[in-house]
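Any read-out appearing in this document is the output of simple, stated calculations on the displayed coordinates, not a laboratory observation. Just so we're clear, the structure is a prediction, and the values are computed from it rather than from any experiment. Virtual Cβ from ideal backbone geometry, glycine too; neighbours counted across all protein chains shown.
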Amino acid sequence: MAGTLDELIARIKDLPVSEVIERYVHTVRKGTQTLAVCPFHDDHSPSLTVNDQRGMWFCFVDNMGGDAIKFVMLYRKLEFMEALRDICDKLGWSFDDYHQTKKSSPKIEMGKKLLGNTMKLYRKLAETGQHKPFLDFLEKRGLSAETAKTYQLGFAPPNYTLFDYISSIKDEKDRSFALSVAEELGLIKKSTFGEKSHYDTFRDRIMFPIWDQFGQVIGFTSRSISDEQKPKYLNSLDSFLFNKKNILYGLHLAKNVIRERDQAILVEGNMDQVALYKNGFENSLAIMGVALGDSSVIKLLALSKNIVLSLDNDQPGWRAAIRINAQLMEKGVTPHFLDLGEYKDPDDFLTASGRDALAKRIEESKPFVDVQIERSFPEKIPELAERRLDLLKSVFEILSPLKNSLSATERVILYAKRLGLQSDSASIVKSYEEFLEKQNRPLGRANQQQESSPIVEMDFENQEISQEKVKIDRQLTAVESRLLQNLVQHPELMLREEIAELLDFVGNDEVKGYILKLRELMYEIDETEYSSVVQSLMRDDFYSAELTAVVGGALYKYQEANLDEKVSLKMIEDIKKNLQVEQLKEEKKYLKGLHGRAQTDEEQKHILAQLMQVEIKLSELKSSPRNKPAR
């Protein structure tokens, strides 16, 4: 049976939800209900209920729910397409019958075929055991046969092996086309001497296939077998399939582990990634060269926001880490720095000190931006005020990718005090904000050219990745969760004018965006379509797993019954007041932090006056007769 992805989704929805969920966790029937111990919290008695009539599951402890696909996404920590494939595997269905990849051009199809067969050819030669340089390399680097198989490490002999293979294609037209594509991919080069028209690019080299995130070979990097060979590392040419700035080596192996551990270790070079992976750090990725393309940033942050930078411990590696750190900070992410001490790279560190020592270093790692600022300071703080102000401006520059976030302004104040500057915190923050306003370039991209030449999209799944899909998750507050629950359970509230004013107090952009989107759809759909539309939005991976789980839990309780006018108004007023209280508490927390760092009486008095105003507003809100949330 073949069909479209929409037909596959419909087929899954036609099944009882319990039939899918029981493939993943143990379920029991109690009367008309199906129950399970909830896998999303420490559950000892079944608190997860499955309602086959409604096509949904719900956990009464976590107060979240969803359909069968959302359960698999949350439980297995998978993206939408991966969850569909996983469900198909569990049910014995063929995912490929439904997932028709977009037809590629003949050149792309030939390129993929050539690269895949080239990998097999080099791997087969390595497995013969007849090439001593390959065996010596494995022994010297401590690589087992299992690791070599995982990475499909191969050997390119010093002859025309690949050219002879392509020349063996019987059809002249196909052979000529394959030769031209192989030349464009940089697998072979034109010969200016001898009887052969071409020669192999990779000769007498250890071969590392490079995959995209879906496990498709898109190129190679190779290592020389002797010190005399130049260059030491030789990569595939940038081509219609290969762009090294947009490659994260090992992504196809590491992506699920990164999701599970919610952490990614970013290294420089294939062998560092291999060394980390075989030592249990399967959540590691390597950049190709010393650059990270925008496409790679998108893929990386879709997996985790907790990034540890561990590039080579030399000047080029440090400069590359600075650029990558700035790129990630622009997305609101603050990577950590893995200090390797005297060792050049993670591979050397592991060889000398072992896995446990590296794990401890990772655990104790500090934010890269703090290490960068510390290294920019001289050993002795200058006495001249002008020189100290120059150092503060360098701090402004380093922090500028974070814009005027709390993470940036807190550091600005901290380092100003470290420099011995006497200005009050408010003045320092104001100076930083003026610095940001004067910048005429994109923040954090100093001395960095605009990225170009994105990797050719080869797959429907790859096309789903876009700049808009990179979101920086912030944990939902209790009030934001309650707001979502009330609006989803009572959609008529979304059409009220008061909601627009209420949204002004929502600090989470994702929550605000979701409500506005749902509100927009409410004007276009019939009431009978409501549940299916909300479920459809839940599957959109633009929204975080936390938000969609809260929405799913609310939808599970949804019933087609409108609230009366009085109850509706009270519910909106209560949520608005609680959002205001939440906002004021955050402001109070921030001001207390400023007060603790104040260095003058005048500064302390100014902050205390602001705190007093916040306390008055809080007191007024809390004493209001309608300060309790609606139930």
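Once you compute Rg and the Kirkwood Rh from C-alpha atoms, what is the Rg to Rh ratio for the range 245-372? Don't jump to the answer; show the numbers that get you there.
Working: Rg = 12.9 Å, Rh = 14.1 Å.
That ratio is 0.91, to two decimals.
Using the number of other C-beta atoms within 10 angstrom as an exposure proxy, rank Leu608, Leu35, Leu8 with the fewest first. Mind showing how you got there, number by number?
Values: Leu608 13, Leu35 18, Leu8 21.
So the ranking, lowest neighbour count to highest, is Leu608, Leu35, Leu8.
How many angstrom separate the Cα center of the range 105-145 from the Cα center of the range 527-566?
Result: 50 Å between the Cα centres.
Starting from the Cα of Leu611, step 7 Å along the direction of its Cβ; do the same at Lys30; then give the gap between the two resulting points in nm.
Taking the simple label geometry, Leu611 and Lys30 are separated by 5.0 nm.
Sort out for me the Cα centre separation of the range 317-338 from the range 48-102, rounded to whole Å.
When both Cα centres are located, 35 Å separates them.
Give me the angle, in degrees from 0 to 90, between the Cα long axis of helix 106-127 and the longest principal axis of the Cα atoms of the chain, rounded to the nearest 10.
So the helix axis and the longest Cα principal axis differ by about 70 degrees.
Need one word for the range 5-97: rounded, prolate or oblate. Basis is the Cα gyration tensor (sqrt eigenvalues a ≥ b ≥ c); a/c below 1.5 gives rounded, then a/b vs b/c decides.
Prolate is the answer for the range 5-97, as a/c is 1.5 or above and a/b outweighs b/c.
Gap in Å between the Cα centre of the range 153-219 and the Cα centre of the range 349-381?
43 Å
Which order results if Val429, Val533 are arranged by neighbouring Cβ count within 10 Å, fewest first?
Final ranking by Cβ density, sparse to dense: Val533, Val429.
Calculate for the chain the 222 nm mean residue ellipticity that helices alone would give, adding -39,500 (n - 2.57) per DSSP H run of length 4 or more and normalising by residue count, nearest 500 deg cm²/dmol.
-15500 deg cm²/dmol
Quick check for you: which residues of the range 141-175 have the amide N under 14 Å from the point 7 Å beyond the Cα of Asn117 toward its beta carbon?
Of the residues in the range 141-175, 161-175 have backbone N under 14 Å from the label point off Asn117.
At q = 0.18, 0.23 Å⁻¹, what log₁₀ I(q)/I(0) does the range 377-438 have when each alpha carbon counts as one equal point scatterer in the Debye sum?
-0.57, -0.92
Quick one: P(r) of the range 290-365 from all Cα-Cα pairs, 5 Å bins, percents rounded to integers, in order of increasing distance.
3, 15, 24, 23, 18, 12, 4, 0
How big is the C-alpha Rg of the chain next to the rule-of-thumb value 2.2 N^0.38 Å, as a ratio?
1.13
For the chain, what proportion of DSSP beta bridges, expressed in % and rounded to the nearest 5, is antiparallel?
75 percent
What is the angle, in °, between the Cα long axis of helix 251-261 and the longest principal axis of the Cα atoms in the chain? Nearest 10 is fine, range 0 to 90.
With rounding to tens, the tilt is 30 degrees.
List the equivalent ellipsoid semi-axes of the range 302-420 in whole Å, largest first, each obtained as the square root of 5λ for an eigenvalue λ of the Cα gyration tensor.
In descending order the semi-axes read 27, 18, 12 Å.
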